[in-house]
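Undergrad: Have a look at this one.
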Amino acid sequence: MAKLTIHNPQQQKRALRAAGAQRAVFFWHGWSALMIAPVLLVLVVTGCAYLFDREFDQWWQKDAYQVKPQGTVATLAQQQDYLRQQYPAWTINRVMLAQAPTQAVRWQLTAPDGVHLIYLDPYRLVVQADIDPTTQPMAIVRRLHGELMAGTTGGYIVEWMSCWTLFLLLTGGWLWWPKHWRLAGVLVPRKRSDGRVHWRDWHAVLALISSLALAFLVLSGMPWSTFWGKQFAQLGRDFSTEWHWVTPSPNFHLPDTVKSRAVDPHHEHQEHAATDSAAVHITGGTESWVTQQHSAPQAAHPHHSKLHELTSQPQQADVSKAEAYLTRLALETYGPGVRIFYPATDKDVFKINYVPDKAEGQQTLYIDPASGELLDDIGWLRYSALAKVVEWGTMTHLGRQYGVWNQWLNLLFCLLVLAALIAALTLWWRRRKPGRWLPPLQSTDSLPLALKLSLLALVVLFPLLLLSLLAFVVCKFWQRRGAVE
């Protein structure tokens, strides 16, 4: 077949620019993929497991969880007193109500040797198990997923790679976009014996199917990220006085008539009682993003326990003040999975936090530990528009907002991303040249304007992407230096 020759200089320039843009996109896509792939593999695999964290925990600790209902359930105050008798030197941090009558109540206590999770039979007041929550398999999965088991540094790396994944998807979409629309090779992998074409098609088609889901998972996870999440919340607080819809904490700028309804102890239970089932489970996280970004009210008067007065042990608040609101608000019948956080200091308050599968049912109460007064009641009506989007995204990210279908669809998309990633790495291994890890890039090659603008917008939105650009500059510098030497 004769090689096509372009005689028109303008057409020739356009063809050269198009070829250079193609090489540039290939280079940036390949470079991004190799940089992201190790972290993305960890996030996808742990994400698949994270979707079933409750099911796994209940199976893994089935002997600790399972209790036989007999007689009456001891009140939380009775359970608290029993644990303080058994562990007088330990401090109670929080209690997680049972998810069913046949399950134990979980109490978290801090001892000199670390944190303990106590599974307590509320009928017989017997400790079923005493475990270190940090060593449990699903706790390790969560730490891998959130910080690569590397603390704050790992959190930064996860956030960095997650942000760059968005640009990877943009360059991948540019490479996939066909010049001629057809089914084979565009929407369906071609049946070819050529290994490169085979793996290219499988990577492109699988990535196309899962790209929007992957972008959603990245964006919905960003409010929880180490760096960007804090800046995002702070910007919401800074601008909330002018733009009420962006505040990350409950919208305290609502009219007083709405706020007064929101503090009514019964208003949200009446709204959601018809839609929320009784079999609601606690989430894998500590509490909702909204309440984490909201400063809790302080106690009007410092509280001191009798235990603190009689001994030198740390002062402890009495849960009976908070328990009264469980009965008053009927939270135990409204849905199990309620957490009660104990005051950390004598100026802190009890926090009753309820995070059901559906974001619309979230509610947090703040109780004065001395007087038992309800200091604040934060529910869905008091969330700003942005806060509602964040919480909805979080629960959908976890596979809970829309029930079991949400859970299994998220798993399907994670598996598709994993398959696309494996196909991409296989394709890269087959295409790589000896001594070269990345596609060739000439000095005149440049990304298309649309991708340049997209990258600029991503850098503005997610400043950690600057690290990637700096890494690219350093790599190019060493590459040129090696070529000169």
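Values in this text are rule-based calculations from the coordinates and carry no lab data. None of the values given here were measured: they were computed from a predicted structure. Note: ideal-geometry Cβ built from the backbone for every residue, glycine included; neighbour counts use all protein chains shown.
Undergrad: Mind scanning LYS13/LYS179; LYS179/LYS388; LYS68/LYS347 and naming the pairs with a C-alpha gap bigger than 29 Å?
TA: Violating the 29 Å limit, Cα to Cα: LYS179/LYS388; LYS68/LYS347.
Undergrad: Check which residues have an amide H placed less than 5 Å from ALA129's amide H, if you skip close sequence neighbours.
TA: Distant-sequence amide H within range of ALA129: TYR119.
Undergrad: Using the number of other C-beta atoms within 10 angstrom as an exposure proxy, rank PHE462, PHE239, PHE227 with the fewest first.
TA: PHE239, PHE227, PHE462
Undergrad: A follow-up question, please. I'd like the projected area of segment 68-135, averaged over all directions, using the convex hull of its alpha carbons. Report it in nm² with one decimal.
TA: 4.5
Undergrad: Could you give the C-alpha radius of gyration of segment 55-102 expressed as a fraction of 2.2 N^0.38 Å, taking N as the number of residues it contains?
TA: Relative to the 2.2 N^0.38 Å estimate, segment 55-102 comes out at 1.33.
Undergrad: Related question: Can you compute the charge dipole magnitude of segment 24-87 about its Cα centre, using +1 on each Lys and Arg Cβ and -1 on each Asp and Glu Cβ, nothing else charged? Give it in debye, rounded to the nearest 20.
TA: For this selection, approximately 60 debye.
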